[in-house]
Amino acid sequence: MILCVTLDADWCSPEARAACLDLLAEARVPFTFFATRDQTPVISPLAENAWHPNFQKSAPVDELEGLALAVPGARGLRPHRLDFAGAGQELLLAHGVRWLSGDMVPDNHLPNRLPGFPDLPNLSINWWDGRWCKKGLEPDWEKMASDQPGAYVVLLHPERVFGREACPGQAGKSLKNVLMDILEACGRDGVRAMTMSQALTDSSRGLTAKTGELH
């Protein structure tokens, strides 16, 4: 299965961001960074920059224009709290958005389409750090390393891993330990780490939708 490591920049301090990016660089694992308007692009051959707008805080046009200035050239989008708040497909397409990560479905690993966005392929989030922080639930390691078609998408907030919002440990294990386990899993048989864009265009390696291949 394809593994997509994704970071959401909510509340992200420079220190937490740097610590998280250093860990990913050391592991040599590709990732997708969903930037907010107060962030700069991540400059790394491992990184893909995408947008993380807060449509609840600002008008959709203002959010997208601000992100286009702060992090130009992004093609993917994941809204804060997964709330599009009136930002429709036409607006997103006009600003260069070409794919979404807009829902949380633990067992959905194939590309799909969200209601109202028929022309934008979506990859569901399968595990997120809130599952660890609230319930102590780790990623499904067996599913991640299976030969099943699709992608296993994980979401972490650098501020929850390294910053002031750090999650309490569970049974002597921290969220940083979970992230390190995720990065270590990238070297296992059957796990192919990719950015979100790479995963959505890599149908030759098994990421296909029931409605047809996405190229």
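General observations
- Within the range 45-87, the residues that satisfy the criterion of being over 27 Å from residue 130 (Cβ atoms), more than 18 Å from the chain's Cα centre (by Cα) and not hydrophobic (A, V, I, L, M, F, W, C) are 62, 65.
- Among the residues of the range 16-42, the one identified as part of a strand (DSSP E or B) and β-branched (Val, Ile, Thr) is 32.
- Boolean, residue 45 is part of a loop (DSSP other than H, G, I, E, B), surrounded by fewer than 16 Cβ atoms within 10 Å (Cβ to Cβ) and touching a strand residue (DSSP E or B) at 6+ places or on another chain (Cβ under 8 Å): no
- Taken together, the criteria exclude residue 89 from residues that are farther than 29 Å from residue 184 by Cβ and modelled with pLDDT under 95.
- Residue tally, condition among the small types (Gly, Ala, Ser) and surrounded by fewer than 15 Cβ atoms within 10 Å (Cβ to Cβ), over the range 134-170: 2
- Pairs with Cβ under 8 Å, 6+ apart, first in the range 183-203 and on the phi > 0 side of the Ramachandran plot, second modelled with pLDDT under 95: 190/1; 190/145; 190/146; 190/147
- The range 136-173: number of residues that are at pLDDT below 95, of a type in the set (D, E, K, R) and under 24 Å from residue 81 (Cβ atoms): 2
- One residue alone among 28, 78 is closer than 14 Å to residue 156 by Cβ and of a type in the set (D, E, K, R), and that residue is 78.
- Scanning the range 157-199 for residues that are charged (D, E, K, R) and out of contact with any strand residue (DSSP E or B) (no Cβ under 8 Å at 6 or more places or on another chain) returns 159, 160, 164, 165, 173, 176, 181, 184, 188, 189.
Conditions tested, residue by residue: (1) crowded, with 23+ Cβ neighbours inside 10 Å; (2) out of contact with any Lys or Arg (no Cβ under 8 Å at 6 or more places or on another chain); (3) over 30 Å from residue 187 (Cα atoms).
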position: 37; (1), (2), (3): no, yes, yes
position: 50; (1), (2), (3): yes, no, no
position: 72; (1), (2), (3): no, yes, yes
position: 75; (1), (2), (3): no, no, no
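- Residue 147, sole failed condition from (1) assigned to a loop (DSSP other than H, G, I, E, B); (2) touching a strand residue (DSSP E or B) at 6+ places or on another chain (Cβ under 6 Å): (2)
- Checking each residue in the range 1-15 for being closer than 19 Å to residue 154 by Cα, part of a loop (DSSP other than H, G, I, E, B) and not aliphatic (A, V, I, L, M) picks out 10, 11, 12.
The values are calculated or read from the model by the stated rules, or taken from the named source; none is laboratory data. Note that the structure is a prediction, hence the values are computed from the model and not measured. Here Cβ is always computed from backbone atoms with ideal geometry, including for glycine, and neighbour counts include all displayed protein chains.
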